[in-house]
Amino acid sequence: MDSAPRARPKWEIFCQVVDNFGDIGVCWRLARDLARREEGAVRLWVDDWAVLARICPAAAALDPAVGGKVEGVDLRHWTPAFAASAPGEIVIEAFACELPPAQLEAMAAQALPPVWINLEYLSAEDWVAGCHGLASPHPRVALVKHFFFPGFDANTGGLLREPDLLARRDRFVTQPQGRAAWRAARGLPVADDEGLVVSLFAYEQPAVRALLHAWEQSLRPIHVLVPVSRILPDVAAALDCAIPAVGTCIERGALCVHVLPFTDQDGYDELLWACDLNFVRGEDSFVRAQWAARPFVWQIYPQTDTAHHDKLEAFLARYLVGLPPAVADAQARFWRAWNDCADDETTPAAAWPAFAGALPVLAAHARAWCEAQAALPDLAHRLTKFCSHIQDGAG
Ligand code: TRH
């Protein structure tokens, strides 16, 4: 650990990787968004350097014991040997990860205690608006934690959206060196009517077998782009082959499965922008699919008490508003089947024909949803304002 004294950053984020990529995915995205907006220095602590390096390859070149700056963010490895440093003016503990006790003491010892934020998980449920912004005084030290909930309406913390994101997406989609070149370089149809291009990022999913077999029989070509992820073994089993290497392309009837490398976050956005339909999961890829403004299928992060079923329904209830009933039904049936929570045990393969037929209407709807969400202030903006209020004594 570098023991040199450091200036107090404006923002300090603590991230514990519970599993997969979502925890650090959200934290890294927020950190660089804040840094780019010139919202002052940003320091990000993460307890799993290897997972950070998967979505932020520049971190792999750093010595975790020292850390370093990437895209304006001071990256630091949070280890059990954590030694307190001058705390940020705003300290964010992501997803209720507990702050290192030494840092809590350092925060309490400041003449002007930091704003302390617990950044919560995203949910479309109605109760979120009632809990967003609540304060919780610490039982022992003179610090107050505030709960900040991302969400889909004006009464929540909003969604992460970098100021230039939609302009970058539009350039990629319309300029020849963007989407068309991206697809051509991978041997994919460039014109929209030449076939369906699908990205598939998912957890384990045994039901993908029957779905891929249905796609083999499709009347138009279906290209499935699978970044290396937990679903790949199920895809290989469905295709009766060993787990395919990155770069492999496997053809079965109308179906062509392409295995892609796991890229950095910007590369993943391009994948979403290049496809006609995106299968996403967890939290961050779920939000990025909405900014891609294309039809998508969400595999929600499974919870043991099936609380995720309520979260799925809460999002569907918001998202399907305004759609013709048959289209809304097609999407809801396919999504529930993909999440194994259909009342009638419909499988994704059985729900596919109606969903595929609804895709043109869903494409227009995805654009309208994206525009409506983009009309609301984004998360970094709302967070900055919220923290300024607290600093001004209004919180
Ligand atoms: O990886 P996830 O499933 O993450 C999570 C975690 O399980 C977490 O504990 C849970 O609480 C949360 O979901 C709800 O899915 P998510 O959130 O979509 O994160 C994936 C990240 O990986 C996202 O930032 C996009 C990024 N990514 C890349 O950077 N490159 C890639 O090639 C791919 C496929 C994804």
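The values are calculated or read from the model by the stated rules, or taken from the named source; none is laboratory data. On a predicted model such as this, the values are computed, not experimentally measured, just so you know. Methodologically, a virtual Cβ is constructed for each residue, glycine included, from the backbone with ideal geometry; neighbour enumeration extends over all protein chains shown. These area figures cover heavy atoms from the full protein model, side chains too; ligands, DNA and RNA do not enter into them. Shrake-Rupley method; radii C 1.70, N 1.55, O 1.52, S 1.80 Å.
What to note about this one:
- Among the residues of the stretch 80-115, those that are open to solvent by 30 Å² or more (accessible area, probe 1.4 Å), among the aliphatic types (A, V, I, L, M) and either over 21 Å from Phe147 (Cβ atoms) or without any contact (Cβ under 8 Å) to a residue 24 or more places away in the chain (or both) comprise Ala81, Ala83, Ala84, Ala86, Ala102, Ala109, Ala111, Leu112.
- Enumeration of residues in the stretch 263-283 that are out of contact with any Gly (no Cβ under 9 Å at 6 or more places or on another chain) and open to solvent by 50 Å² or more (accessible area, probe 1.4 Å): Thr263, Asp264, Asp266
- Candidates Pro233, Pro221 - the one that is in contact with a Cys (Cβ under 9 Å, 6 or more places away or on another chain), over 28 Å from Ala96 (Cβ atoms), open to solvent by 40 Å² or more (accessible area, probe 1.4 Å) and at pLDDT 95 or above: Pro221
- Residue selection: Ala328 fails the criterion of being away from the ligand (no atom under 16 Å from the Cβ) and in contact with a Lys or Arg (Cβ under 8 Å, 6 or more places away or on another chain).
- Remark: pairs (first residue in the stretch 284-311, over 19 Å from Glu371 (Cβ atoms); second residue at pLDDT 95 or above and among the polar types (S, T, N, Q); Cβ separation under 6 Å; 6+ apart in sequence or on different chains) = Ile300/Asn339; Lys311/Ser123.
- Any chance His132 is free of Cβ contacts under 8 Å to residues at least 60 places away in the same chain and surrounded by fewer than 15 Cβ atoms within 10 Å (Cβ to Cβ): no
- For the stretch 264-275, the count of residues that are near the ligand (Cβ under 7 Å from one of its atoms) and touching a helix residue (DSSP H, G or I) at 6+ places or on another chain (Cβ under 6 Å) is at least one.
- Filtering Ala124, Ala154, Ala142 for residues that are within 27 Å of Gln265 (Cβ to Cβ) and either open to solvent by 50 Å² or more (accessible area, probe 1.4 Å) or at pLDDT below 95 (or both) leaves a single hit, Ala154.
- Selected residue (criterion: farthest from the ligand (Cβ to nearest atom)) from residues of the stretch 12-21 that are open to solvent by 30 Å² or more (accessible area, probe 1.4 Å) and in contact (Cβ under 8 Å) with a residue 40 or more places away in the chain: Gln16
- Set Ala214, Ala238, Ala254, Ala242: member being among the aliphatic types (A, V, I, L, M), more than 10 Å from the ligand (Cβ to nearest atom), more than 25 Å from the chain's Cα centre (by Cα) and surrounded by fewer than 16 Cβ atoms within 10 Å (Cβ to Cβ): Ala242
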